[in-house]
Amino acid sequence: MHQALLIDEILENILDSCSDGNSLGRIARTCQAWKEPALNRLWRRLTCIVPLLQLIPGLKEVHGVYVLDISISPDLRVFFSYASRVKYLVHRHRIRLDSSVTSLLVSQKVSEDPIFSRLSMVQLSLANCPSLGLVFNQARRLRSIDLDLGFKTSSSGQSNYAAIGLLQNAHDLTPGLESLSIRGYASDGLLNTIASLSMLKSLSLRLGHTTSVDVLVATSKFPLLASLELQAVGVDIEEMDQKWESSAEADSFSALTTLDIRGCISFIHTFVQNMRSKHLFKLHMDIDPSAHSDNDDSWMTLFDSVGNKFSDTLHDLAIEYHTEHDDLRLNVNPNNTIHVTTHDTLSSNVSSSDRKFNDFLGFDILYPLTNARNLHRVVFDTSPPLAIRDQDFDHIVKFWPNLEHFELGSLQSTLDPAWTPYTTVKSLVTLSKGLGSLRTLIMPIDSSGLDAKAIDDLPSGTNNSLHTISITTVSSPPNSTTMGTCLNRLFSSLREIEIHSESL
């Protein structure tokens, strides 16, 4: 390599390591040769558009609105020069632009290149400034668009209009657009525009009750869509099922590898049932307990669908489900019967085989996933924690022998005292022997009765890879030191131990 080129490369690496603007600014003023590369890095990522707008001659703020002083000639060469350096722009706070400002930016050019000629990612709150959407209509290298429309009906019309304009221009002028994220109420016009963006590889729709069946069916045909985040409320499940059935094709979500979905259990079940992906790698299901459904789908039915569809490919599974503590008070008994107390009934005994969606979650709901032997990461973020017992861990090490991350949550101090875990040190012994690849473990433990003699009787774990463990112990009285000694004996490779103690 020529010596001059080597020096340039060294300078580039030095500039890449400078994270603060003050340092880059001083470097830019040091010499002419360093000016351009330093300024490129200084302006490459903006967290607010105001510093850029302040480069427009005659721009001033009057009563909270940015307006142009018409007595000053708007020479935009400096503005264009710095705008061309921006690759990533985030603007979320409220700002008001006079129409003269946006008209000036949209209509004028100083060269053949449009404004923001290098811009590849933009995150905008159109709810706080709808006119910002017009400013970026000429950006032709966008690869990622993130729009916040807000959930106020009073302002959704303007933000939707701006979003439609931006996305239609992206459809026509930006062939490299790969990722779209939209949060807020969406109009029918915006939904139709989203449905036309078939080139997308990643899509996030958090549209509340404005999510339509038509946009779901349309996006299922996107041939390159690999990642989907979906939060939906009030979707007509029967209509969705019928429209999917009438347009059933083998390519429904054919390329999808990652699904993050939130809704009622019947919606998620119907969605999963209609998927045709043979590559789903990561699945996160956030079950909404407040979204009731007339459909009698159970947790077991949902996991039946997941197991039948994705057992061969699923690598990462996360379940999120939280009930209000005042609405569900219960105790897990060793005989596998769940004692439930709600506002509607004083008490009732529910067999685990009859457990439905609104009841306590037991390990038996996971039986349909016994063949998902490629699972490396399993997370249960539930309140109350999953009802799991020592003997269930004998199944876990057989079901998922390749687990690397296993998370069963923790006991919170606000939980009913009846939620005592039925997992003891025996569960840890089973994991230390049976899961040699496990690296991270988070779970609650009843450590009552654990003493020095009990620890001496434990096997010494030398054939496991656990590096990080977080334990919530329940004992009387709590003894973190004893628990720490126990963990180090069972898991010889531990580097990080976190113990939270709750007394009985």
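The values are calculated or read from the model by the stated rules, or taken from the named source; none is laboratory data. Keep in mind that what you see is a predicted model, and the values were worked out from it rather than measured. With ideal geometry, Cβ positions are generated from the backbone for all residues, glycine too; neighbour counts draw on all protein chains shown.
Can you find a residue in region 274-281 that is touching a Gly at 6+ places or on another chain (Cβ under 7 Å) and either over 26 Å from HIS209 (Cβ atoms) or at pLDDT 85 or above (or both)? Scanning region 274-281, I find no residue that is touching a Gly at 6+ places or on another chain (Cβ under 7 Å) and either over 26 Å from HIS209 (Cβ atoms) or at pLDDT 85 or above (or both), so the answer is no. Residue count for region 226-240 satisfying the condition of being at pLDDT 95 or above and either in a loop (DSSP other than H, G, I, E, B) or buried (at least 21 other Cβ atoms within 10 Å of the Cβ) (or both): 3. The single residue among PHE79, PHE116 that is among the aromatic types (Phe, Trp, Tyr) and either under 30 Å from the mean Cα position of the chain (by Cα) or farther than 28 Å from LEU39 by Cβ (or both) turns out to be PHE116.
So, in region 290-308, of the ones that are more than 20 Å from PHE363 (Cβ to Cβ) and under 22 Å from the mean Cα position of the chain (by Cα), which residue ends up modelled with the highest pLDDT?
Of all residues in region 290-308, those more than 20 Å from PHE363 (Cβ to Cβ) come to 290-296.
So of that shortlist, the ones also under 22 Å from the mean Cα position of the chain (by Cα) come out as 290-291.
Values: SER290: 71, ALA291: 58.
Checking each candidate, the answer is SER290.
Of everything in region 43-60 that's free of Cβ contacts under 8 Å to residues at least 24 places away in the same chain and under 17 Å from PHE80 (Cα atoms), which residue is surrounded by the most Cβ atoms within 10 Å (Cβ to Cβ)? Per the stated criteria, the residue is GLY58. Within region 335-354, none of the residues are in contact with a Ser or Thr (Cβ under 6 Å, 6 or more places away or on another chain) and modelled with pLDDT of 90 or more. For region 494-503, taking the residues that are of a type outside the set (D, E, K, R) and either at pLDDT 90 or above or closer than 10 Å to ILE469 by Cβ (or both), the one that is surrounded by the fewest Cβ atoms within 10 Å (Cβ to Cβ) is identified as ILE497.
Give the residues of region 61-95 that are exposed (fewer than 13 other Cβ atoms within 10 Å of the Cβ) and among the basic types (Lys, Arg), sorted by residue number. Residues satisfying the conditions are ARG77, ARG94. Considering only region 381-389, I want to know if a residue exists there that is modelled with pLDDT of 90 or more, part of a strand (DSSP E or B) and over 20 Å from HIS322 (Cβ atoms). Yes; the residues of region 381-389 include at least one that is modelled with pLDDT of 90 or more, part of a strand (DSSP E or B) and over 20 Å from HIS322 (Cβ atoms). Checking each residue in region 61-78 for being of a type outside the set (D, E, K, R) and either free of Cβ contacts under 8 Å to residues at least 12 places away in the same chain or in contact with a Ser or Thr (Cβ under 9 Å, 6 or more places away or on another chain) (or both) picks out VAL62, HIS63, VAL67, LEU68, ILE70. Restricted to strands (runs of 3 or more DSSP E) entirely inside region 82-195, no element has at least 2 residues that are among the charged types (D, E, K, R) and in contact with a Lys or Arg (Cβ under 6 Å, 6 or more places away or on another chain).
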